[in-house]
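Presented below is the structure to which this report refers.
The values are calculated or read from the model by the stated rules, or taken from the named source; none is laboratory data. Because the structure is predicted, anything quoted here is derived from the model rather than measured. Here the Cβ positions follow ideal geometry from the backbone for every residue, glycine too, while neighbour counts run over all protein chains shown. Accessible surface is based on the protein model in full, side chains and every heavy atom, while ligands, DNA and RNA are left aside. Shrake-Rupley method; radii C 1.70, N 1.55, O 1.52, S 1.80 Å.
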Amino acid sequence: NVCRLLGRRAHGFYARDAGVAHRKNLALLRKIMCQESTKFKNVWTTHSASPIAYERGRIYMDNYQCCISSIAQAPRILYQKSKCSKSEKIEDALLLECPLGEMLPSPSDYKSSLIVLTVQNWLLRLSADSGEVLEKVYLAGSCCKSFRYLSWDTPQEVMVVKTIQHKLPAAARQAGIQQSTLFYLAVFQVLPLSFIGMLEINKKIFGNSVTDVAVSNGILIVMYSMGLVRLYNFKAILEQFMEQPFDLGQEFNWNGQVGVVGKYPFGLPCNIKITDIPPLLFEASSLENAFQIGGYPWHYIITPNKKKHKGVFHICSLKDNTLAKNGIQDMKCCSLEPDWIYFHPDMSGRIIHVGPNLIKVLKLKEVKNHTDQMEIAEDFTIVANRENCVNNTVTVTASGRVVKKRFNLLDDDPEQETFKIVDYEDELDLLSTVAVTQIGADGRAHLDFHCNEHGILLKSIPLREPWDVTYSHEVYFDKDLVLHIEQKPNRRFSCYVYQMVCDTAKDD
């Protein structure tokens, strides 16, 4: 099996420098995969009444109680845990992988694990291969905190656990009780798992109209109901407002409470008290708080904060807020689903703008004779295959009668090929797109692989199952594997797994 051979070589079985071997192996895999004789075969299908999740070769079902490996020739169960009670229900999860080149305290730390958050505020680290509990931390202390969300500040290094927004019951509000705390954030260093601190987002400091908060790449992002987004230096907040550091398992006496950090019933102390507004790094006003930073030099993307500007994107310099030349991107598409835009995840600084029938990959470059000004230029475009679709406003019947249409077709009309998903496979350096055409009652979709550098179409894979555009869909492309998760009405979920096979004419 070529993939198994590549996997063993990637781990250094046949070369002293596993990094070089790994890159060569992936280049070889990419060439094999894009060959005309290579097919992707539907090897496994399952249905479930509960959500299905996928993380790097593992399919999770039944609220993470069942884990299925998708890497084998036919998917097989890695572990099946007994049904958990409602109090043990998992709310969110993150896959944790061993950092390269670091010495870790426990042998289990070198294997992949799953960080999960339960409804009763337990943070558990599970073995990704067996489901065994490796570590457990109790989050909520004396005050009521409902932790529900996990996210990365720095991927595979710093993790953030966030509560739902705190709202007083109606009876308490009628009684005149004031609630100032909006969110709690607990921050952890991972592998080894260690507690950095917990802070609260308070109305008295950040204002009454805060709707959400996040920590990403060392930045505290606060969003407001009027579309305002404010950025603060999270590291500076830790240094300025940390009252006392604590370690997991440490006995403490905090505000009259005696307990052990991370143990039931005490949980974690709120040891970061923001007593004054931190220095503001940056603020912008954008429709629906849509705000992204990326590119080189740093730029940001916003939509002007008016409904009439929906679908219009401004690309501006983070340094001085100046609009880049050609920085207003508007596809002027007439569609039910809006177009979307984001910085390319390959860290090239490029921008991907996706419409119903057009994908533009844009790049930032210096304006000639103006080294301090940047312009947006088209790197390449990918166009949907609509050669047979003619949208005439006037047609002539067989009898010769002229019929005028009173309206034009939408750009994302189901009967025309429309882009639904665009993703990037970093290990193979391929841009993948899912395009769908609804023909009668059934829709048909295909997954295309494009050269990430030039946009050239390298391979097209038809998805065999019908695709209903009214359902929710996720498609994962992971090396030699394609996985499609579909959510139908009444919480019915389906999972389709395709694997790469090199068929011969005889096999066909």
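Of note:
- Here the accessible area of the chain is 51 percent carbon and sulfur, with a 1.4 angstrom probe and all protein chains present.
- Based on alpha carbons, the Rg and Dmax found for the range 436-508 are 14.3, 43 Å.
- Computed from backbone phi, the HN-Hα couplings of the range 187-196 come to 10, 10, 7, 10, 6, x, 5, 9, 8, 8 Hz, rounded to whole numbers (Karplus: 6.51 cos²θ - 1.76 cosθ + 1.60, θ = phi - 60°; Gly and Pro given as x).
- Computed label-point distance, nm, for sites H370 and K203 using a 7 Å Cα→Cβ extension: 4.6 nm
- Taking a point 7 Å out from the Cα of E132 in the direction of its Cβ, the residues of the range 59-86 whose backbone N falls within less than 19 Å of it are 65-69, 77-82.
- Nonlocal amide H pairs with W44, under 5 Å, H built at 1.01 Å: V497
- A crude spin-label estimate for the pair K24 and L248, with each label 7 Å from Cα along the Cβ direction, gives 4.0 nm.
- The chain - accessible surface per residue (Å², probe 1.4 Å): 54 Å²
- Taking packing as the residue-averaged number of other Cβ atoms within 10 angstrom, the listed peptides 481-492, 238-249, 352-363 run from highest to lowest as 352-363, 481-492, 238-249.
- The range 251-347: translational diffusion in µm²/s, Stokes-Einstein, Kirkwood Rh over Cα pairs, 20 °C, 1.002 mPa s: 124 µm²/s
- Taking amide H as placed 1.01 Å from N in the peptide plane, S70 has its amide H under 5 Å from the amide H of R58, I59, each at least 5 places away in sequence or on another chain.
- Kirkwood Rh and Cα Rg combined as Rg/Rh, the chain: 0.99
- Unit charges on C-beta of K, R, D, E only; dipole of the chain, Debye: 960 debye
- Derived scalar couplings between HN and Hα for the range 372-380 equal 8, 10, 10, 10, 9, 10, 7, 8, 6 Hz in order, rounded to whole Hz, by the Karplus curve 6.51 cos²θ - 1.76 cosθ + 1.60 (θ = phi - 60°), x for Gly and Pro.
- Here the 3J(HN,Hα) profile of the range 285-293, calculated from phi with Karplus coefficients 6.51, -1.76 and 1.60 at θ = phi - 60°, is 10, 8, 4, 6, 6, 6, 8, 9, 10 Hz, Gly and Pro shown as x.
- Gain upon complete extension [E239, C84; 0.36 nm per residue less C-alpha separation]: 51.7 nm
- Close amide-amide hydrogen proximity is noted between L447 and I461, L463, each under 5 Å apart and 5 or more residues distant or on a separate chain (H modeled in the peptide plane; Pro and chain starts excluded).
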